[in-house]
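Down below is the structure, laid out as structure tokens.
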Amino acid sequence: MTLYPAKANGLSYTDVDRCVSVTVTSTALAVATTANWLNVQTWNIAAGIRPIRDATDPARYTAVPEFDFELKCAATETITSPAIYGIRLAPFTYADQNFTTTHATETFDLNSHNLLTGDGPMYLSSSTTLPAGTSATQAYYVVKTGTNSFKLATSRDNAIAGTTISITSDGTGTHTIADAQSQTNPDNNTQRYHFYLYGSLNAGTTITLGAQTAYMERIAHSPLTHYYSVLGTSGTGAQTVVIRLCPVQPVEY
């Protein structure tokens, strides 16, 4: 009979080189909230990072149950009331609306459009001719620039990064932007990012970072979550904080 040693820890890192990190200033950790996250486009400021989905290998981390969440700083910094949020996509319906364009600023104009950065896919149509640089068959994603204006990108990642399309004319006729609910592929239906509170870090108490004092907590991962973010109030402010996620998965003998 062969005996196998008990597993002290049934989880281990997948590939350490596939861990992801983002560097932010500590003052930025308190900027984003569930109310203004997408409205003011604070995505990168609030340390939203994508540890699970890999464009070249989308199924790679589908079975990852947990990850190690790490915070470190080269100088002394305290973070009060730290919390971790997950950002997920959920179906979003948008009533078809008519818009105009200002091609000089490559902006789409629609009063009180109520669109947020990342919304999509959306499709354009025109009673005559669409603005040059757009297509009725291209799926677009919104970049909100104001209450009455927005720009468009050709992918959700481009929208989050602010990489928008160029338009060189205003077109003619009546232009309409529509959601994708009528598309034949339900996976292409329009979706919107939403915040989900995972809970407090360090049981909601203050996290103190220093030159060789970091913080780490193991977090359960939801396969539906695309990005994670930490929000909190910084102490000294304007310090450089590194946030790192290391996915873990079951170990098999």
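The values are calculated or read from the model by the stated rules, or taken from the named source; none is laboratory data. If you're wondering where the values come from, they're calculated on a predicted model, not measured in any experiment. Virtual Cβ from ideal backbone geometry, glycine too; neighbours counted across all protein chains shown.
Within the option set Thr134, Thr105, being crowded, with 18+ Cβ neighbours inside 10 Å, modelled with pLDDT of 85 or more, assigned to a loop (DSSP other than H, G, I, E, B) and out of contact with any helix residue (DSSP H, G or I) (no Cβ under 9 Å at 6 or more places or on another chain) holds for one residue only, Thr134.
Residues that are assigned by TED's automatic domain parsing to the domain that holds Tyr85, under 16 Å from Ile84 (Cα atoms), part of a loop (DSSP other than H, G, I, E, B) and in contact (Cβ under 8 Å) with a residue 40 or more places away in the chain occur in region 187-207; there is at least one.
Has region 74-85 got at least one residue that is free of Cβ contacts under 8 Å to residues at least 60 places away in the same chain, in a loop (DSSP other than H, G, I, E, B) and out of contact with any Ser or Thr (no Cβ under 6 Å at 6 or more places or on another chain)?
So far as region 74-85 goes, no, none of its residues is free of Cβ contacts under 8 Å to residues at least 60 places away in the same chain, in a loop (DSSP other than H, G, I, E, B) and out of contact with any Ser or Thr (no Cβ under 6 Å at 6 or more places or on another chain).
Within the set Ala55, Ala59, Ala95, Ala63, the sole residue that is surrounded by fewer than 19 Cβ atoms within 10 Å (Cβ to Cβ), among the hydrophobic types (A, V, I, L, M, F, W, C), at pLDDT 65 or above and assigned to a loop (DSSP other than H, G, I, E, B) turns out to be Ala95.
Picking from residues in region 210-236 that are assigned to a strand (DSSP E or B) and in contact with a Gly (Cβ under 7 Å, 6 or more places away or on another chain), the one that is surrounded by the fewest Cβ atoms within 10 Å (Cβ to Cβ) is Thr225.
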